[in-house]
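Since the structure comes first, as C-alpha coordinates, the remarks are kept for the end.
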Amino acid sequence: RERTVGSRFAPFLGSTLSVAIALVIGCWLLQLWGIFPGLGDAVMLAVLEILLTVSMAFVGWRWIELAIERRVSKVQAVQEEAGSGSRVVTILQILRKFILIILLSVVGLIVLSTIGIDIKPLLAGAGVIGLAFGLGTQSLIKDIVSGMFFLMDDAFRIGDYIESGKIKGTVESIHIRSLKLRHPRGMIHTVPFSQLGSVTNFSRGYLVSKIEFRVP
(Lines give C-alpha, C1' and ligand atoms only; values in the text may rest on other atoms or scores of the structure.)
Protein backbone atom coordinates (compact mmCIF):
# COMPACT_ATOMS: atom_id res chain seq x y z
CA ARG A 1 0.00 0.00 0.00
CA GLU A 2 1.20 3.49 -0.81
CA ARG A 3 2.50 5.35 2.18
CA THR A 4 0.45 8.34 3.25
CA VAL A 5 1.84 11.82 3.85
CA GLY A 6 1.39 11.39 7.60
CA SER A 7 3.36 8.14 7.70
CA ARG A 8 6.17 9.73 5.71
CA PHE A 9 6.37 12.69 8.09
CA ALA A 10 6.15 10.60 11.27
CA PRO A 11 9.93 9.76 11.43
CA PHE A 12 10.78 13.42 10.76
CA LEU A 13 8.45 14.55 13.54
CA GLY A 14 9.99 12.02 15.95
CA SER A 15 13.51 13.26 15.16
CA THR A 16 12.39 16.88 15.57
CA LEU A 17 10.85 16.15 18.95
CA SER A 18 14.02 14.36 20.09
CA VAL A 19 16.23 17.29 19.08
CA ALA A 20 13.84 19.78 20.72
CA ILE A 21 13.78 17.82 24.00
CA ALA A 22 17.59 17.65 23.95
CA LEU A 23 17.76 21.44 23.46
CA VAL A 24 15.37 22.06 26.35
CA ILE A 25 17.38 19.81 28.66
CA GLY A 26 20.64 21.42 27.53
CA CYS A 27 19.34 24.95 28.16
CA TRP A 28 17.98 23.89 31.53
CA LEU A 29 21.40 22.50 32.54
CA LEU A 30 23.14 25.67 31.33
CA GLN A 31 20.76 27.73 33.42
CA LEU A 32 21.45 25.58 36.49
CA TRP A 33 25.20 25.98 36.00
CA GLY A 34 24.85 29.75 35.58
CA ILE A 35 26.03 29.78 31.97
CA PHE A 36 24.06 32.21 29.78
CA PRO A 37 21.35 32.70 32.41
CA GLY A 38 19.09 34.83 30.20
CA LEU A 39 19.38 32.57 27.18
CA GLY A 40 17.89 29.44 28.73
CA ASP A 41 14.40 30.81 29.33
CA ALA A 42 14.14 32.37 25.87
CA VAL A 43 15.33 29.25 24.06
CA MET A 44 13.11 26.93 26.08
CA LEU A 45 10.08 29.13 25.51
CA ALA A 46 10.73 29.29 21.74
CA VAL A 47 11.32 25.54 21.52
CA LEU A 48 8.13 24.79 23.46
CA GLU A 49 6.09 27.12 21.21
CA ILE A 50 7.52 25.49 18.09
CA LEU A 51 6.85 22.01 19.48
CA LEU A 52 3.28 22.93 20.33
CA THR A 53 2.68 24.43 16.87
CA VAL A 54 4.20 21.50 14.96
CA SER A 55 2.43 18.92 17.12
CA MET A 56 -0.98 20.57 16.74
CA ALA A 57 -0.49 20.94 12.99
CA PHE A 58 0.58 17.29 12.65
CA VAL A 59 -2.37 16.01 14.67
CA GLY A 60 -4.78 18.19 12.70
CA TRP A 61 -3.33 17.04 9.39
CA ARG A 62 -3.50 13.36 10.38
CA TRP A 63 -7.16 13.78 11.33
CA ILE A 64 -7.95 15.47 8.01
CA GLU A 65 -5.94 12.91 6.04
CA LEU A 66 -7.63 9.93 7.70
CA ALA A 67 -11.07 11.45 7.13
CA ILE A 68 -10.30 11.98 3.43
CA GLU A 69 -8.87 8.46 3.11
CA ARG A 70 -12.00 6.90 4.62
CA ARG A 71 -14.20 8.87 2.26
CA VAL A 72 -12.06 7.94 -0.76
CA SER A 73 -12.14 4.25 0.22
CA LYS A 74 -15.93 4.29 0.42
CA VAL A 75 -16.26 6.04 -2.94
CA GLN A 76 -13.80 3.66 -4.61
CA ALA A 77 -15.72 0.67 -3.28
CA VAL A 78 -18.90 2.07 -4.86
CA GLN A 79 -17.00 2.70 -8.10
CA GLU A 80 -15.86 -0.93 -8.29
CA GLU A 81 -19.44 -2.12 -7.89
CA ALA A 82 -20.88 0.37 -10.38
CA GLY A 83 -17.99 0.20 -12.82
CA SER A 84 -17.66 3.97 -13.22
CA GLY A 85 -15.60 6.82 -11.80
CA SER A 86 -16.68 9.61 -9.50
CA ARG A 87 -15.94 13.29 -9.22
CA VAL A 88 -15.66 12.98 -5.42
CA VAL A 89 -12.28 11.22 -5.48
CA THR A 90 -10.70 13.86 -7.72
CA ILE A 91 -12.10 16.73 -5.65
CA LEU A 92 -10.90 15.13 -2.39
CA GLN A 93 -7.39 14.59 -3.76
CA ILE A 94 -7.16 18.21 -4.89
CA LEU A 95 -8.53 19.37 -1.53
CA ARG A 96 -5.96 17.29 0.37
CA LYS A 97 -3.04 18.84 -1.53
CA PHE A 98 -4.47 22.33 -1.08
CA ILE A 99 -4.91 21.88 2.68
CA LEU A 100 -1.38 20.49 3.04
CA ILE A 101 0.16 23.47 1.24
CA ILE A 102 -1.81 25.96 3.36
CA LEU A 103 -0.94 24.12 6.59
CA LEU A 104 2.79 23.96 5.82
CA SER A 105 2.85 27.64 4.90
CA VAL A 106 1.11 28.72 8.12
CA VAL A 107 3.32 26.51 10.31
CA GLY A 108 6.46 27.79 8.59
CA LEU A 109 5.47 31.41 9.19
CA ILE A 110 4.64 30.72 12.85
CA VAL A 111 8.00 28.99 13.39
CA LEU A 112 9.91 31.87 11.78
CA SER A 113 8.01 34.38 13.92
CA THR A 114 8.74 32.35 17.06
CA ILE A 115 12.51 32.32 16.50
CA GLY A 116 12.48 36.11 16.10
CA ILE A 117 12.41 36.59 12.33
CA ASP A 118 10.20 39.44 11.11
CA ILE A 119 7.73 37.82 8.71
CA LYS A 120 6.15 41.07 7.46
CA PRO A 121 8.66 41.44 4.58
CA LEU A 122 8.09 37.78 3.75
CA LEU A 123 4.32 38.31 3.61
CA ALA A 124 4.75 41.40 1.43
CA GLY A 125 7.17 39.57 -0.85
CA ALA A 126 4.85 36.58 -1.04
CA GLY A 127 2.02 38.89 -2.08
CA VAL A 128 4.10 40.40 -4.89
CA ILE A 129 5.31 36.97 -6.04
CA GLY A 130 1.77 35.62 -5.89
CA LEU A 131 0.51 38.53 -8.01
CA ALA A 132 3.25 38.00 -10.60
CA PHE A 133 2.66 34.26 -10.58
CA GLY A 134 -1.08 34.79 -11.02
CA LEU A 135 -0.56 37.13 -13.98
CA GLY A 136 1.86 34.69 -15.59
CA THR A 137 -0.31 31.62 -15.10
CA GLN A 138 -3.76 32.91 -15.99
CA SER A 139 -4.31 30.01 -18.38
CA LEU A 140 -3.35 27.46 -15.70
CA ILE A 141 -5.67 29.05 -13.13
CA LYS A 142 -8.46 29.15 -15.72
CA ASP A 143 -7.95 25.43 -16.40
CA ILE A 144 -8.08 24.56 -12.68
CA VAL A 145 -11.16 26.70 -11.95
CA SER A 146 -12.98 25.37 -15.03
CA GLY A 147 -12.16 21.81 -14.00
CA MET A 148 -13.52 22.36 -10.50
CA PHE A 149 -16.82 23.62 -11.91
CA PHE A 150 -17.04 20.70 -14.37
CA LEU A 151 -16.53 18.28 -11.47
CA MET A 152 -19.04 20.12 -9.26
CA ASP A 153 -21.60 19.96 -12.08
CA ASP A 154 -20.85 16.24 -12.50
CA ALA A 155 -20.47 16.78 -16.24
CA PHE A 156 -18.45 13.60 -16.73
CA ARG A 157 -16.83 10.75 -14.85
CA ILE A 158 -14.11 8.24 -15.55
CA GLY A 159 -15.47 5.74 -18.06
CA ASP A 160 -18.03 8.12 -19.63
CA TYR A 161 -18.08 8.69 -23.39
CA ILE A 162 -18.21 12.43 -24.07
CA GLU A 163 -17.96 14.83 -26.98
CA SER A 164 -16.75 18.42 -26.92
CA GLY A 165 -16.51 20.23 -30.22
CA LYS A 166 -14.51 18.06 -32.63
CA ILE A 167 -13.02 15.97 -29.79
CA LYS A 168 -14.73 12.85 -28.50
CA GLY A 169 -13.77 9.73 -26.59
CA THR A 170 -13.93 7.83 -23.31
CA VAL A 171 -12.69 9.61 -20.18
CA GLU A 172 -9.65 7.65 -18.97
CA SER A 173 -8.27 9.97 -16.30
CA ILE A 174 -9.02 13.33 -14.72
CA HIS A 175 -6.20 15.57 -13.50
CA ILE A 176 -6.02 19.01 -11.91
CA ARG A 177 -5.97 20.97 -15.16
CA SER A 178 -6.89 18.50 -17.90
CA LEU A 179 -8.49 15.18 -18.73
CA LYS A 180 -7.49 12.35 -21.09
CA LEU A 181 -9.96 11.03 -23.66
CA ARG A 182 -9.50 7.72 -25.49
CA HIS A 183 -10.75 8.05 -29.06
CA PRO A 184 -12.73 5.08 -30.45
CA ARG A 185 -9.82 4.45 -32.85
CA GLY A 186 -7.35 4.31 -29.94
CA MET A 187 -5.78 7.77 -29.87
CA ILE A 188 -5.45 9.73 -26.61
CA HIS A 189 -6.62 13.33 -26.40
CA THR A 190 -5.26 15.50 -23.55
CA VAL A 191 -7.69 18.39 -23.23
CA PRO A 192 -7.33 21.35 -20.80
CA PHE A 193 -10.57 22.06 -18.99
CA SER A 194 -10.73 25.66 -20.21
CA GLN A 195 -10.87 24.42 -23.82
CA LEU A 196 -13.74 22.01 -23.35
CA GLY A 197 -16.63 24.43 -23.72
CA SER A 198 -19.94 22.57 -23.90
CA VAL A 199 -19.77 18.84 -23.12
CA THR A 200 -22.13 16.17 -24.47
CA ASN A 201 -22.20 13.02 -22.31
CA PHE A 202 -23.39 9.85 -24.07
CA SER A 203 -23.17 7.66 -20.95
CA ARG A 204 -25.94 9.15 -18.83
CA GLY A 205 -29.46 7.81 -18.71
CA TYR A 206 -30.60 6.74 -22.17
CA LEU A 207 -30.16 7.46 -25.87
CA VAL A 208 -32.87 7.82 -28.50
CA SER A 209 -32.09 6.29 -31.86
CA LYS A 210 -34.38 7.05 -34.79
CA ILE A 211 -34.59 4.20 -37.31
CA GLU A 212 -36.33 4.60 -40.64
CA PHE A 213 -38.40 1.65 -41.89
CA ARG A 214 -39.22 1.68 -45.61
CA VAL A 215 -42.31 -0.36 -46.52
CA PRO A 216 -43.01 -0.92 -50.25
Exercise. May I ask you to list the trypsin sites (Lys or Arg not before Pro) in the stretch 171-216 that are in a DSSP loop and have at most 11 other Cβ atoms within 10 Å of their Cβ?
Key: Arg185, Lys210, Arg214
Practice problem: In nm, give the distance between the simple-model label positions of Lys210 and Lys168, each being 7 Å from the Cα along the Cα-to-Cβ direction. | Solution: 1.6
Quiz item: Tally Lys and Arg at +1 and Asp and Glu at -1 over the other residues with C-beta under 12 Å from the C-beta of Met187: what net charge comes out?
Solution: +3
Quiz item: Kirkwood Rh over Cα pairs of the stretch 162-216 into Stokes-Einstein at 4 °C, 1.567 mPa s: D in µm²/s?
Solution: 100
Exercise. May I ask for the net charge around Lys168, where only other residues with Cβ less than 12 Å from the Cβ of Lys168 are counted and Lys, Arg are +1 while Asp, Glu are -1?
Key: +1
Quiz item: How much length is gained if the chain between Phe202 and Thr114 is pulled fully straight, taking 0.36 nm per residue apart and subtracting their Cα-Cα distance, in nm to one decimal?
Solution: 26.0 nm
Practice problem: Please calculate the 1.4 Å probe accessible area of Lys142, with all protein chains present, and give it to the nearest 10 Å². | Solution: 120
Practice problem: Starting from the amide H of Ser173, placed 1.01 Å from N in the peptide plane, find each other amide H under 5 Å away whose residue is 5 or more places distant or on another chain. | Solution: Lys180
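The values are calculated or read from the model by the stated rules, or taken from the named source; none is laboratory data. Being a predicted model, the structure only gives us computed values, none of them experimental. Backbone-built Cβ (ideal geometry, glycine too); neighbour counts: all protein chains shown. Side chains included, ligands, DNA and RNA excluded: accessible areas come from the protein's heavy atoms. Shrake-Rupley method; radii C 1.70, N 1.55, O 1.52, S 1.80 Å.
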